[in-house]
1. Residue under question is VAL218, and the condition is that it be modelled with pLDDT of 80 or more, of a type in the set (Val, Ile, Thr) and under 15 Å from the mean Cα position of the chain (by Cα); does it hold?
2. Look at VAL108 and say whether it is closer than 30 Å to VAL28 by Cβ and either modelled with pLDDT under 95 or not polar (S, T, N, Q) (or both).
3. Looking at ALA198, ALA209, can you tell me which residue is over 30 Å from ALA122 (Cβ atoms) and touching a strand residue (DSSP E or B) at 6+ places or on another chain (Cβ under 6 Å)?
4. Of all residues in the range 127-149, which are of a type in the set (D, E, K, R) and either in contact with a His (Cβ under 8 Å, 6 or more places away or on another chain) or without any contact (Cβ under 8 Å) to a residue 24 or more places away in the chain (or both)?
5. Suppose we filter LEU168, LEU176, LEU216 for residues that are surrounded by 15 or more Cβ atoms within 10 Å (Cβ to Cβ) and within 30 Å of ALA120 (Cβ to Cβ); which single one remains?
6. Pick from the range 153-193 the residues that are in a helix (DSSP H, G or I), touching a residue at least 60 places away in the same chain (Cβ under 8 Å) and not aliphatic (A, V, I, L, M): which of them is nearest to PHE91 (Cα to Cα)?
7. Is at least one residue of the range 53-65 touching a Phe, Trp or Tyr at 6+ places or on another chain (Cβ under 8 Å) and either among the small types (Gly, Ala, Ser) or closer than 15 Å to PRO164 by Cβ (or both)?
8. Could we say that ILE40 is in a helix (DSSP H, G or I) and buried (at least 16 other Cβ atoms within 10 Å of the Cβ) here?
Amino acid sequence: MTAVLVAREVRKSYVGGDGRPLEVLASVDLEVGRGEFLAIVGESGAGKSTLLHVLGALERPSGGTVTQDGTDYELSTAAELDRIRNRKIGFVFQFHHLLKDFTALENVMMPMRIAGLPEAQARSRAVALLTQVGLAERLAHRPLQLSGGEQQRVAVARALANDPRVVLADEPSGNLDILQAERLHGLLGRLARDFETALVVVTHNRQLAARADRVLAVEGGRLVPVDRVEVAG
C-alpha cells in the first residue's frame, strides 16, 4: 500500500502554566496508506487531537517531519500549506462547522469554489456527494433545518469536495445519538474504500474504531498498535 501521509519522529510541546515545557507528543512515527482507514484512540488529554492537527498542517510540530505525497510541511510556505489544506486534506470535526446561512449544497460547494472550480462543476459534484451520503432530498436545507446526523453527513461530503488524498476526522460522532452515530460510522467505513482516500479518525467510540483497518493508541506521547478493540454488546 502506497503511503500518502508520513510522520517521522514528530514531537509537540507547549509551555505549561508554570512556564515549563509540556511534552504532548514525544516521538511519533506513522504511515497511512491510500485507501486505509486508521483509527487513533487513547485517554483524554493523551494528544490525539494534537496529533491530528499536526498531520493536517493546522499546527507545526516542535520537531520531526510530516510529509504528504512527498511534500514536507516544514519546507512549505504558508500559502502552500493553505493549498494543501484546501485541496489535499478533508476535515471532519466533532462540531460540524457548517456555515449556518448557506444550504447543504452551498456548504459542500464552498471548498471547490475557493479552489477555483467553476460554479457549474462545483454544483454538480456537490449534488453527487450529497446524494452519495443519503442527502439528495436535503440539498436546499440550511444546517438548522437538518438533524445532527444529517449535518455531519454534510460535513463528510464537504470534506470530500476536492477529492483529497487524506481525510482527518476528530470525534466525528461525539455529539450524535446511537442511531445517528451508527449511520455515520457506516458511511465512514465505506469512505476510504469508495474514494481510495486515506482516512484517519480520532475517536473514543469503540464501535467506530472496530471498523478500522488498523487501530493505534496514543500512550506516553507515542503510538502503539492495538490488536483488538472490544465492543460491548
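The values are calculated or read from the model by the stated rules, or taken from the named source; none is laboratory data. Quick caveat, the model's predicted, so the values are computed rather than measured. So basically every Cβ, Gly included, is an ideal-geometry build from the backbone, and we count neighbours across all protein chains shown.
1. So VAL218 fails the test.
2. no
3. None of the others qualify; the one that does is ALA209.
4. Within the range 127-149, just GLU137 meets the criteria.
5. Within the list LEU168, LEU176, LEU216, the selection yields LEU168.
6. ARG158
7. yes
8. Judged against the criteria, ILE40 is not a match.
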